[in-house]
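Note sheet for the following structure.
The values are calculated or read from the model by the stated rules, or taken from the named source; none is laboratory data. Note that the structure is predicted; figures quoted are calculated from it, not measured. Cβ placement follows ideal geometry from the backbone for every residue including glycine, while neighbour counts extend to all protein chains displayed. With ligands, DNA and RNA removed, areas are computed over all heavy atoms of the protein, side chains included. Shrake-Rupley method; radii C 1.70, N 1.55, O 1.52, S 1.80 Å.
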Amino acid sequence: MKFTLPWLKEHLETDATPDAIARTLTGLGLEVEAVHDRTSELGAFSVARVIEAVQHPNADRLRLCRVETTTGEVQVVCGAPNARTGLYGVFAPTGSTIPSTGTVLTASKIRGVESQGMLCSARELGIGEDHEGIIELAGEPRVGTPAAQVLGLEGPVFEVALTPDRADCFGVLGIARELAAAGLGRLKSRDFTPVSSRGQGPAIRLDFPEDQAHACPMFVGRLIRGVSNGSSPDWLQRRLKAIGLRPISALVDITNYVMFDLNRPLHVFDAAKLQGDITVRFARAGERLLALDGKVYDLDDGMTVIADTHQPHGLGGVMGGEDSGVTEATTDVLLEVALFDPIRTALTGRKLDLVSDARTRFERGLDPAMVLPGAELATRLILELCGGEAAEPVVAGAGPEKPAPVAFPVKELARLGGIQLEREAIEKHLQDLGFELDGGPEHYIVQPPSWRHDVTSSACIVEELCRLHGYDRIPPVPVTRTEAVSAGVLTGEQRRRGYLRRLVADLGYTEAVTWSFTGETQAALFSNGAAPVRLKNPISSELSVMRPSLLPNLLVALAKNQDKKRGDGALFELGARFFGGQPGEQVDALAGLRWGTTSGRHWTAEQRNVDVFDIKADVLAVLTAAGARMEALQVTADAPAWYHPGRAGTLGLGPNRIAVFGELHPKLLESFDVDGRVLAFELDLDRLPKLKQKPGRTRPPLEPWPYPPVDRDFAFILDEAVTAEQLVRTVKSAEKKLIQEIQLFDVYQGKGVEPGKRSLAIAVRLQSPERTLTEAEIEPVAKKIVATVEKQLGGVLRA
């Protein structure tokens, strides 16, 4: 919400400074984010007169100007086509800062000619978009007059961040009410006296099912004939420009002015473009609307429309239609002031992805008592600025009842707010805010005003009293402990993820926190052909889709590290990846990258580049810490397409693939401008085994293994297609009780092994917790291992 100090003073009689107003509003819970004082920003700028403008001796498109300024005559080189002798403009001296660019002006030579200062355009001053020429001031203003004064800039401009419950402060009137209640001035009354009228406008009908009448409980229409829709006056244009609105025409500017002044959205239709009577109803199947933003919207039966006998002309509470919009040729208008259901308005805007100032206000709820006063103020302004004659207002429906009264026990103030106030203070604070009181002094029945539909309980009354008393005046109270040691607040899953984050950091990785968005081209490399999840309102064209993987943004970070000549490194991130735009269509993941060597140069060992086994070891360490059953882990080579074929693999538990690891594809790295080999892993945390809901308080007893193990080596000749993983699982299945560990220690192909075959050598450790194994017990196990491998894998024991 933006407003200017002169605008505020039309509602509030006050001598308070802008700083005092900002502090008071923030103290009331209406946070002032910024105060823009254009007068101070343009303090160095003043009126100047061009004494003479001649052609630059060394440039065809430049003019050499002798300029009369408040400090004397200076020479300025100007490229504006309208720079000419006798022109009055705005001069920026050397040392001043140009508002639009932040550039500090210095004396310089332009094409060999010295230039001291600058004649400014509207864009350079930040007061408009025109930059085709310098500002031309009308008449003959006094040289040296401050630019802000001669330009009629309105300010200071306050920018207030409002919480969703304070819909009443989306208008200057609501801001003034708050300041008056805080004692910073006296609230002025607006003139809402009905204007003289003659005749009737078109009939207006509310056509809703009885149980849906709240879609539009009240609609006021007023026909105004014989208007002239030209440009709005300077004071109105300056006021709208100051808060960031573009003046369009007198009629449109009046509606925008009343909306920001009274928090009362309204609309004007060109009456000549309407056919027959007006009906406010739900949209029908197949209906469409060309809105004022130039887009065509498909409507459904959940949307409220304002229609004539032929077609819809507006979306209730959201936006009007182009077909009945006013133009310079408009002579008769229908003024619309209505109440629309906040929830239905919000749903309509979300479905159509349509945002407007009207929707922002309607979906938060408006003051129903301001419908007729808003219509009268808008009518008076139209008659004053556009002429014409107003008909009687046509009212369909009625405003809702006042908000329900609230019971307020005074003891709640001390219990919830930590303060105690005298009866006089309680009554004054609430009455200043517009509340009506009955009862007291221990218990009140409080009637909220029509504009405070957010006040629904005694806690709300306590909040209002605390706001006016001052949050900074509430004494601090220490929190009383209810137990010596507080109970943990993190869930088991949250603790596990925190532990995994620390573990990966201990493995040598540096944590990165990147956007949840990425570029569409980058996302396509990790989507396996799936359509990207596009953002409706991206913050950048390079961050336009939700990331399908954590790797794209990590690779961007890696490229930046390489640009800074960091040859070795490791990055990881724990966050969400997305496969859809609906709730639940995301997976929490952990991903990491390694590149370069395993360690720095040292005399004790040679350097070695990281390889797929390093990244696999990292993944296995994470899975072990996460509680995965390592003996049930399955390793396969079917990694996604962004990995190097033959140098990557996947890890699964049952039917679920929980992790991918390996070397990234060279073509992928090329698209990210990354040099060298990069190893990566991706792990879906949501697919890890679930933690026990109620873990036991005691650990299981230690299981002793006092008897020594026995190691046996086996070398099998197998087809090349048989993986080491298959061999290990097959051997383990031969004797599950005594076989405790299996390790591959040699792979051989060459002399003595026929083509298409290879030798895989494994070490098998046998151990019993009950006794020392004898040769008589070991030999049958060895024979069983050989027989099982021969039967299931076709392998033979190598001689």
Here are some residues: Thr70, Thr39. Which one is out of contact with any His (no Cβ under 7 Å at 6 or more places or on another chain) and at pLDDT below 90? Thr39
Of the residues Ala34, Ala83, which is part of a strand (DSSP E or B), in contact (Cβ under 8 Å) with a residue 24 or more places away in the chain and either of a type outside the set (Asp, Glu) or open to solvent by 30 Å² or more (accessible area, probe 1.4 Å) (or both)? Ala34
Of (1) farther than 24 Å from Glu129 by Cα; (2) among the aliphatic types (A, V, I, L, M); (3) at pLDDT below 95, Leu12 satisfies every one except (3)
Is there a residue in region 43-51 that is out of contact with any Phe, Trp or Tyr (no Cβ under 8 Å at 6 or more places or on another chain), surrounded by fewer than 21 Cβ atoms within 10 Å (Cβ to Cβ), on the phi < 0 side of the Ramachandran plot and modelled with pLDDT of 95 or more? yes
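Considering only residues that are closer than 11 Å to Trp642 by Cβ and without any contact (Cβ under 8 Å) to a residue 24 or more places away in the chain, look in region 523-552 and name the one that is most open to solvent (accessible area, probe 1.4 Å). Walk me through how you get there before you give the answer.
Filtering region 523-552 down to residues closer than 11 Å to Trp642 by Cβ leaves 524-528, 548-549, 551-552.
In the following step, the residues that additionally are without any contact (Cβ under 8 Å) to a residue 24 or more places away in the chain were identified as 524, 527.
Values: Ala524: 65, Ser527: 27 Å².
The qualifying residue most open to solvent (accessible area, probe 1.4 Å) is Ala524.
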So Ala639 passes all but one of these: (1) among the small types (Gly, Ala, Ser); (2) over 39 Å from the mean Cα position of the chain (by Cα); (3) within 21 Å of Pro552 (Cα to Cα). Which condition number does it fail? (2)
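Can you tell which of Ala396, Ala375 is under 24 Å from Val220 (Cβ atoms) and part of a strand (DSSP E or B)? Reasoning before the result, please.
Details: Ala375 fails: part of a strand (DSSP E or B).
That would be Ala396, the only listed residue that is under 24 Å from Val220 (Cβ atoms) and part of a strand (DSSP E or B).
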Give me the pairs, please: first residue somewhere in region 412-432 and more than 20 Å from Glu178 (Cβ to Cβ), second residue anywhere and part of a helix (DSSP H, G or I) and open to solvent by 40 Å² or more (accessible area, probe 1.4 Å), beta-carbon distance under 9 Å, and either six or more positions apart or on two chains. Glu412/Ala459; Leu416/Ala459; Leu416/Glu463; Gln420/Ala414
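Would you check if Glu384 is under 30 Å from Ser232 (Cβ atoms), open to solvent by less than 60 Å² (accessible area, probe 1.4 Å) and part of a helix (DSSP H, G or I)? Steps first, answer last, please.
Working: under 30 Å from Ser232 (Cβ atoms): yes; open to solvent by less than 60 Å² (accessible area, probe 1.4 Å): no; part of a helix (DSSP H, G or I): yes.
Here the answer is no, as Glu384 does not meet what is asked.
So that you can scan it fast, the table gives a plain yes or no per residue for (1) of a type in the set (A, V, I, L, M); (2) modelled with pLDDT of 90 or more; (3) in contact with an Asp or Glu (Cβ under 6 Å, 6 or more places away or on another chain):
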| residue | (1), (2), (3) |
| --- | --- |
| Leu702 | yes, no, no |
| Phe714 | no, yes, no |
| Glu725 | no, no, no |
| Leu760 | yes, yes, no |
| Thr772 | no, yes, no |
| Ile778 | yes, yes, no |
| Val786 | yes, yes, no |
| Gly794 | no, yes, no |
| Leu797 | yes, yes, no |
List the residue pairs whose Cβ atoms are under 8 Å apart, where the first residue sits in region 494-521 and is of a type in the set (Gly, Ala, Ser), the second is open to solvent by less than 40 Å² (accessible area, probe 1.4 Å) and assigned to a helix (DSSP H, G or I), and the two are 6 or more positions apart or on different chains. Ala512/Asn553; Ala512/Leu554; Ala512/Ala557; Gly519/Pro552
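Only one residue in Pro393, Pro403 is touching a His at 6+ places or on another chain (Cβ under 9 Å) and not β-branched (Val, Ile, Thr). Which one?
Working: Pro393 fails: touching a His at 6+ places or on another chain (Cβ under 9 Å).
The unique qualifying residue is Pro403.
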Among (1) among the hydrophobic types (A, V, I, L, M, F, W, C); (2) open to solvent by less than 40 Å² (accessible area, probe 1.4 Å); (3) under 25 Å from Leu5 (Cβ atoms), where does Val150 come up short? (2)
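Being farther than 30 Å from Met546 by Cβ, among the β-branched types (Val, Ile, Thr) and either part of a helix (DSSP H, G or I) or open to solvent by 90 Å² or more (accessible area, probe 1.4 Å) (or both), is that true of even one residue in region 488-503? So that I can check it myself, show each step before the final result.
Of the residues in region 488-503, the ones farther than 30 Å from Met546 by Cβ are 488.
Among the residues that remain, those that are also among the β-branched types (Val, Ile, Thr) are: none.
No, region 488-503 has no match at all.
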Asp332 open to solvent by 20 Å² or more (accessible area, probe 1.4 Å) and either more than 21 Å from the chain's Cα centre (by Cα) or closer than 25 Å to Ile224 by Cα (or both): yes
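Please tell me if Leu555 is more than 22 Å from Thr514 (Cβ to Cβ), part of a helix (DSSP H, G or I) and touching a residue at least 60 places away in the same chain (Cβ under 8 Å).
On the way: more than 22 Å from Thr514 (Cβ to Cβ): no; part of a helix (DSSP H, G or I): yes; touching a residue at least 60 places away in the same chain (Cβ under 8 Å): yes.
So Leu555 does not fit the description; no.
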Within region 761-794, count every residue that is under 59 Å from the mean Cα position of the chain (by Cα) and either outside any helix (DSSP H, G or I) or on the phi > 0 side of the Ramachandran plot (or both). 5
Tell me yes or no: at least one residue of region 704-724 is under 19 Å from Ala632 (Cα atoms), touching a residue at least 12 places away in the same chain (Cβ under 8 Å) and assigned to a helix (DSSP H, G or I). yes
Taking only region 114-147 into account, find how many residues are open to solvent by less than 30 Å² (accessible area, probe 1.4 Å), at pLDDT below 90 and in contact with an Asp or Glu (Cβ under 8 Å, 6 or more places away or on another chain). 1
Of all residues making up region 309-329, the number that are touching a residue at least 40 places away in the same chain (Cβ under 8 Å) and crowded, with 16+ Cβ neighbours inside 10 Å: 11
Filtering region 420-445 down to residues that are open to solvent by less than 30 Å² (accessible area, probe 1.4 Å) and touching a helix residue (DSSP H, G or I) at 6+ places or on another chain (Cβ under 6 Å) yields Leu433
Scan region 335-364 for residues that are β-branched (Val, Ile, Thr) and open to solvent by 40 Å² or more (accessible area, probe 1.4 Å) and jot them down. Ile343, Val355
Which pairs have Cβ atoms under 8 Å, sit 6 or more apart or on different chains, and link a residue in region 564-585 that is touching a residue at least 60 places away in the same chain (Cβ under 8 Å) and under 30 Å from Arg350 (Cα atoms) to one that is of a type in the set (S, T, N, Q) and open to solvent by 60 Å² or more (accessible area, probe 1.4 Å)? Ala576/Gln586; Phe578/Gln586
Show the residue pairs that are 6+ apart or on different chains and have beta-carbon atoms under 7 Å apart, the first residue being within region 95-114 and within 23 Å of Ala53 (Cα to Cα) and among the basic types (Lys, Arg), the second being open to solvent by 50 Å² or more (accessible area, probe 1.4 Å) and not in a strand (DSSP E or B). Arg111/Asn58
Some residue of region 346-358 being hydrophobic (A, V, I, L, M, F, W, C), touching a helix residue (DSSP H, G or I) at 6+ places or on another chain (Cβ under 8 Å) and in contact (Cβ under 8 Å) with a residue 60 or more places away in the chain: yes
Looking for whichever is closer than 24 Å to Asp618 by Cα, of a type outside the set (Gly, Ala, Ser) and touching a Lys or Arg at 6+ places or on another chain (Cβ under 8 Å) here; the options are Glu511, Glu493. Which one fits? Glu511
Boolean, Lys402 is closer than 27 Å to Leu12 by Cα and surrounded by fewer than 17 Cβ atoms within 10 Å (Cβ to Cβ): yes
